Structure formats: C-alpha cells, structure tokens
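As structure tokens, the structure follows; a few thoughts come after it.
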Amino acid sequence: MISVAEAIQIVRQQTAVLPAERVELPRALGRVLAQNVVADSDLPPFNRSQMDGYAVRADDVKYAPVRLRIAGESAAGRGWHNQLEEGQAVRIMTGAPVPEGADSVQQVELTHELKDGTVVELLESVETGKHIVARGAEIKAGEIVANTGTTISAATMAVLAAFGYATVEVFRRPRVGVLATGTELVDVDQKPGQDQIRDSNNYSIGAYAELSGATVERLPLTGDETSLLQRQIAEAAERCDVIVTSGGVSMGVYDLTKSTLKELEAEIFFERIAIRPGKPTVFARLPNGTFVFGLPGNPVSVSVTFNLFARTALLAMQGAAEPALKQETAVLARGVKGTADRESYLPAQLTTNDDAQLIAFPLKWGGSSDFVAFAVATGLVIVPAGVKSIEAGSLVNVLRLPQ
Ligand code: AMP
Ligand code: MG
C-alpha cells in the first residue's frame with residue numbers, strides 16, 4: 001500500500017504534457033497557455049490621461065486660480081497633436097493622449113470653463129505628472145505578460161486581446177472516456193428493476209473531468225463481463241488519452257477491472273492506496289499509452305479519488321503549473337475520527353468566519369455510499385493515518401472540492 005502523496009507523485013511522474021494546439025481567442029477560456037504571451041506594444045502606448053479635465057503645464061497653474069487659453073481638445077482615439085505652449089490648456093478626456101508640452105492633468109471638477117469656451121479657469125494648482133499614466137508605465141513592449149502554464153481566466157482574456165493574440169497556443173485538452181462497471185447498473189433514463197440501481201458515477205466523473213478541462217465521452221455500461229469490459233476499454237483507448245472506470249476493483253468475485261487490465265497488458269503503477277475512502281484505486285497505462293484510472297464503485301470514493309489522482313493527471317497533461325489540489329488550513333468545527341493505517345478524506349462544508357478563518361464543518365454522513373449527503377460537501381478534511389481522532393477547534397488540512 002502506498003501513501004496518497006506517493007500516489008500523486010507517481011501520477012505526476014508518469015503523465016506528460018499533451019501537444020499544443022492553436023485556438024481562436026474566444027475559445028481559450030479555461031485552457032492552459034502553451035506559450036509565453038509577449039506585449040507587442042507599450043502599455044499605455046502613449047501618455048494617457050486618467051481623468052476628464054485639462055492638460056496643462058503644472059508651472060502655469062502654480063498660483064491658482066489662474067486662467068489659461070484653451071488651445072484644443074484631446075479625446076480618446078482623437079488626440080490633439082500639437083505642442084502645448086505656455087499659458088495654454090487642452091481639454092482632455094479619460095483615455096486620451098496627453099499633448100506634448102503638458103505635464104499634468106487637472107480634473108474637470110477643479111476647473112471652470114468660461115462662457116465662450118476659449119478660456120478655462122483652473123481653481124487649484126496641480127502636481128507635475130498628476131492624472132497621467134506615462135507611456136510604458138504599465139508594460140513595456142517585449143515584456144512577458146503571461147507565462148506558459150497559466151490557466152486562461154476571464155481576466156487573462158483581456159491581456160491576450162490587448163496584445164493582439166487573435167489565436168493562442170494552448171495545450172490540448174485530454175480526451176477522457178468514462179466507463180461504469182457493475183451488473184446492477186442501469187442508465188439514467190431507465191427505471192431500476194429488481195436489484196438494480198442507476199449509474200451515477202459516469203455523471204459525476206464526467207462532470208469532474210470537464211471541470212478539469214477534459215473533453216468527455218460516456219461509454220456504454222459494461223456490466224461485470226470481462227470480454228465486454230476488455231472490448232470497451234480497448235476500443236475507447238484508440239480515441240482517449242485517459243479512461244476512468246468505476247467499480248470492480250475490490251476483492252469480490254465480480255471485481256474484474258484489474259484482471260481485465262492485466263489481460264490487456266497494461267502496466268499497473270499502483271492498485272492500493274492508504275486512503276479512506278478509496279483504497280483499491282488503480283492507476284495503469286495500456287500498451288498504446290492511454291492511462292486508466294480504475295476507481296472504486298462507491299460514489300463518494302469516486303469523487304475523492306478522482307479529484308486526488310485523475311484530476312491531477314488531467315491538469316498535468318494540460319501543462320498546468322500546479323496540477324494537484326492545494327491543501328489549506330482550516331479550523332475543525334466538529335471532532336472527527338481517523339483510521340490506523342490510512343489517511344482519511346472526510347467530506348465537509350468549508351466557510352469563512354468573521355475573523356477571516358476558514359472553518360471546516362465535517363458532514364454527518366453514512367459512509368462512502370452516501371452520495372446524497374456528500375452532494376453538499378465543498379471540501380475534504382484530511383486526517384493523517386494513525387491519528388485516532390481530532391478534536392473540534394484543532395487546525396486541520398483541507399482540500400476544496402471542484403464544484
Ligand atoms: P464495486 O466497487 O463494484 O464493488 O461497487 C461498490 C458499490 O458502489 C456498490 O454498492 C455498487 O453498486 C456501487 N456502484 C458501483 N458503480 C456505480 C455507479 N456507476 N453508480 C452508482 N453506484 C455504483
Ligand atoms: Mg461492482
């Protein structure tokens with residue numbers, strides 16, 4: 001049995017970044033940059049006014065109130081491209097270029113234009129440089145403004161657009177096939193008959209895989225039949241980078257996933273992790289390079305093990321700088337129990353109190369099959385192996401569950 005940390009390390013070692021592809025900017029949200037983004041111009045590209053007001057020479061208004069002659073107007077997109085002389089002011093708008101010769105902008109609220117619009121009275125003096133963002137003050141042409149490995153957020157979209165990236169290089173999304181084993185399973189649109197239940201794992205796994213940036217294909221239910229399972233996995237492997245199965249990895253007579261993987265000559269990296277829930281989690285690679293995560297069947301084990309191991313693989317394959325979920329520290333709101341030989345990952349609701357502390361409320365739940373209770377969890381409380389119990393008020397490590 002290996003530890004959770006070792007299992008995550010193996011996943012990271014075995015997975016490599018997928019090839020890059022070029023996508024149109026509007027399709028880039030959530031993708032991981034496969035190139036550095038370089039500024040093709042200074043930002044701002046000219047000395048830019050931050051205010052509506054008057055561009056002036058600070059020296060001219062030192063002894064305000066003072067009257068200056070309005071020499072012209074500089075608007076955003078339509079600047080006034082002459083030399084501002086002593087005694088002159090230029091009416092200027094936010095985002096407009098500051099004329100040569102002007103060294104400050106007085107905001108319109110502190111001015112008063114005289115009737116015919118040819119003279120302005122500056123009511124107060126203004127410091128040199130006031131309300132001007134100098135050319136290149138934010139970014140200089142040639143600077144890297146976003147690095148390879150950055151996940152493109154809505155805010156990153158503005159950076160890409162501003163520097164002319166109509167298309168951008170991103171790492172390819174992994175293609176994930178999800179496959180649920182179990183003779184008891186019927187599809188979501190079926191009424192379960194005697195001894196049957198609806199498959200829910202394919203939907204949670206598919207959703208978590210999409211949250212991890214993958215494209216998802218739901219494969220037909222295979223029951224617990226080796227030949228069908230073998231055929232489905234082999235066929236899906238031709239199209240998929242990763243196959244995520246659920247069920248059939250325990251010690252029961254009908255737990256056939258591992259034997260099927262062995263028949264397909266998969267290399268098995270691990271098959272038992274010191275974790276609760278999710279001990280029999282399998283990670284393997286088929287001869288063609290497709291990875292397989294064989295998750296246990298219990299729906300809660302599925303959510304925990306997917307997010308610890310499969311998600312890490314999917315993010316690493318997209319070149320994410322930090323693929324594994326990050327641990328944070330929270331105050332435990334209710335005592336929890338651990339297990340002698342396994343690290344526990346217990347569902348909890350995470351909130352922040354008035355003192356800005358992260359608080360973890362462990363859920364009352366019925367174990368790893370209780371997916372209805374688990375549905376309100378927003379995080380997992382980690383209890384180290386060998387720790388019998390942790391009292392309320394203690395600091396614990398937690399993970400936020402992707403939602
Ligand atoms: P297994 O790991 O195959 O022994 O399954 C463990 C438990 O999870 C059993 O109670 C199964 O019925 C249940 N289970 C397995 N697969 C699914 C699934 N796709 N959706 C919902 N429950 C499942
Ligand atoms: Mg089963």
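Determine Rg/Rh for the stretch 77-161; Rg is computed over alpha-carbon atoms and Rh is the Kirkwood hydrodynamic estimate from the same atoms. It would help to have the intermediate numbers written out before the result.
Values: Rg = 17.9 Å, Rh = 16.0 Å.
Ratio value, two decimals: 1.12.
In whole Å, what are the Cα extents of the stretch 131-233 along the three principal axes, biggest one first?
Reported extents, whole Å, longest axis first: 75, 29, 18.
Rounding to the nearest 20 debye, state how big the charge dipole of the stretch 259-403 is about its Cα centre with +1 on each Lys and Arg Cβ and -1 on each Asp and Glu Cβ.
In debye, rounded to 20, the stretch 259-403 gives about 240.
Label 7 Å along Cα→Cβ of GLU109; the stretch 51-91 residues with amide nitrogen under 16 Å?
Answer for this model: 51-54.
Once you have a ≥ b ≥ c as the square roots of the Cα gyration tensor eigenvalues for the stretch 180-314, tell me rounded if a/c is under 1.5, and otherwise prolate or oblate according to whether a/b is larger than b/c.
rounded
With only alpha-carbon pairs counted, each pair once and no self-pairs, how large is the Kirkwood hydrodynamic radius of the chain in angstroms? List each step's numbers first, then the result.
Numbers: mean 1/r = 0.0395 Å⁻¹.
Taking every pair of different Cα atoms in the chain, averaging 1/r and inverting gives 25.3 Å.
Measure off, as a whole percent, the carbon and sulfur share of the 1.4 Å-probe accessible area of the chain, all protein chains present.
Percent of accessible area from carbon and sulfur atoms in the chain: 49.
Calculate, for the stretch 179-334, the solvent-accessible area per residue in square angstrom, rolling a 1.4 angstrom probe over the heavy atoms of the protein chains.
Ligands and nucleic acids excluded, the result is 41 Å² per residue.
With the dipole of the chain worked out from charges on the C-beta (+1 for Lys and Arg, -1 for Asp and Glu) around the Cα centre, which of LEU358, VAL159, ALA7 lies farthest toward the positive end?
Farthest towards the positive pole: ALA7.
Within the stretch 201-232, list the residues whose amide N lies under 16 Å from a label point set 7 Å along Cα→Cβ of GLU263.
222-232
If Lys and Arg each add +1 and Asp and Glu each add -1, what is the summed charge of the other residues whose beta carbon sits under 10 Å from the beta carbon of CYS240? Display every interim value, and only then the final one.
On the way: positive: ARG175, ARG239; negative: GLU217, GLU235, GLU238, ASP241.
Counting the neighbours of CYS240, the net charge comes to -2.
Taking the Cα atoms only, what angle lies between the long axis of helix 226-239 and the longest principal axis of the chain, rounded to 10 degrees?
20
Subtract the Cα-Cα distance of GLU100 and THR128 from 0.36 nm times their separation in residues, and report this length gain in nm to one decimal.
Full extension from GLU100 to THR128 adds 8.7 nm.
Would you work out the charge dipole size for the stretch 76-182 about its Cα centre, treating the Cβ of every Lys and Arg as +1 and the Cβ of every Asp and Glu as -1, and quote it to the nearest 20 debye? Please report the intermediate quantities before stating the final value.
Details: 9 positive and 13 negative charges, 222 e Å.
So the magnitude is around 1060 debye.
What percent antiparallel are the DSSP beta bridges of the stretch 42-156, to the nearest 5? Mind dumping the intermediate values first?
Working: 19 of 25 bridges.
Roughly 75 percent of the DSSP beta bridges within the stretch 42-156 come out antiparallel.
Residues with amide H under 5 Å of PHE269's amide H, sequence separation 5 or more or different chain, H placed in the peptide plane at 1.01 Å from N; which?
HN-HN under 5 Å from PHE269: PHE283, ALA284, ARG285.
Tell me, what is the per residue accessible area of the stretch 1-120 in Å², probe radius 1.4 Å?
Per-residue accessible area for the stretch 1-120 comes out at 53 Å².
Along the charge dipole of the chain, which of ASN201, LEU221, VAL249 sits closest to the positive end, that is, farthest toward it, with unit charges on the beta carbon of Lys, Arg, Asp and Glu (+1, +1, -1, -1)?
Of the options given, the answer is VAL249.
If I stretch the segment between ASN353 and ARG27 completely, what's the gain in nm (0.36 nm per residue apart, minus their alpha carbon distance), one decimal?
113.6 nm
First check a/c for the stretch 291-388, with a ≥ b ≥ c the square roots of the eigenvalues of its C-alpha gyration tensor; if it is under 1.5, answer rounded, and if not, answer prolate when a/b is larger than b/c or oblate otherwise. Spell out each step's value before the answer.
Numbers: a/c = 1.70, a/b = 1.26, b/c = 1.35.
It is oblate, given that a/c is not under 1.5 and a/b is not larger than b/c.
Given an 8 Å cut-off on Cα distances and at least 6 residues of separation, report the relative contact order of the chain as a percent.
Dividing the mean separation by the residue count of the chain yields 16 percent.
Report relative contact order for the stretch 292-382 in percent, whole number only (criteria: Cα-Cα under 8 Å, sequence separation at least 6).
Normalised by residue count, the contact order of the stretch 292-382 is 29 percent.
What does the net charge come to around PHE163 if you take all other residues with beta carbon closer than 13 Å to its beta carbon, with K and R at +1 and D and E at -1? Don't jump to the answer; show the numbers that get you there.
Working: positive: LYS140; negative: ASP40, ASP42, GLU138, GLU143.
Net charge around PHE163: -3.
Quick one: net charge around LEU286, please, counting Lys, Arg +1 and Asp, Glu -1 for every other residue with C-beta under 9 Å from its C-beta.
The answer is -1.
Specify which residue in the list LEU29, ALA385, GLY319 is farthest towards the positive end of the charge dipole of the chain, using unit charges on the beta carbon of Lys, Arg (+1) and Asp, Glu (-1), about the Cα centre.
Sorting the options by dipole projection puts first ALA385.
Under a no-solvent Debye model with one identical scatterer per Cα of the stretch 1-54, what's log10 I(q)/I(0) at q = 0.16, 0.21, 0.28 Å⁻¹?
Treating every Cα as an identical point scatterer, log10 I(q)/I(0) equals -0.80, -0.95, -1.11.
Past 19 Å, Cα to Cα, is the threshold; run LYS279/LYS337; LYS258/LYS337; LYS258/LYS279 against it and keep the listed order.
Going by Cα-Cα distance, LYS258/LYS337 fall outside the 19 Å limit.
Can you compute the charge dipole magnitude of the chain about its Cα centre, using +1 on each Lys and Arg Cβ and -1 on each Asp and Glu Cβ, nothing else charged? Give it in debye, rounded to the nearest 20.
In total the dipole reaches around 840 debye.
Residues in the stretch 44-58 near a label at ALA158, defined as backbone nitrogen under 20 Å from the 7 Å Cα→Cβ point?
It comes to 44-52, nothing else.
Gain in length, GLN13 to ASP341, computed as 0.36 nm per residue apart minus the alpha-carbon separation, to one decimal in nm? Please report the intermediate quantities before stating the final value.
Details: separation 328, 0.36 × 328 = 118.08 nm, distance 2.50 nm.
Result: 115.6 nm gained on full extension.
Could you tell me the relative contact order of the stretch 73-230? Use alpha-carbon pairs under 8 Å, at least six residues apart, and round to a whole percent.
Relative contact order here is 14 percent.
The values are calculated or read from the model by the stated rules, or taken from the named source; none is laboratory data. Everything numeric in this text was worked out from a predicted model, so none of it was measured. Note that we place each Cβ from the backbone using ideal geometry, even for glycine, and neighbour counts take in every protein chain shown. When the accessible area is computed, the model is the full protein with side chains, heavy atoms only, and any ligands, DNA or RNA have been set aside. Shrake-Rupley method; radii C 1.70, N 1.55, O 1.52, S 1.80 Å.
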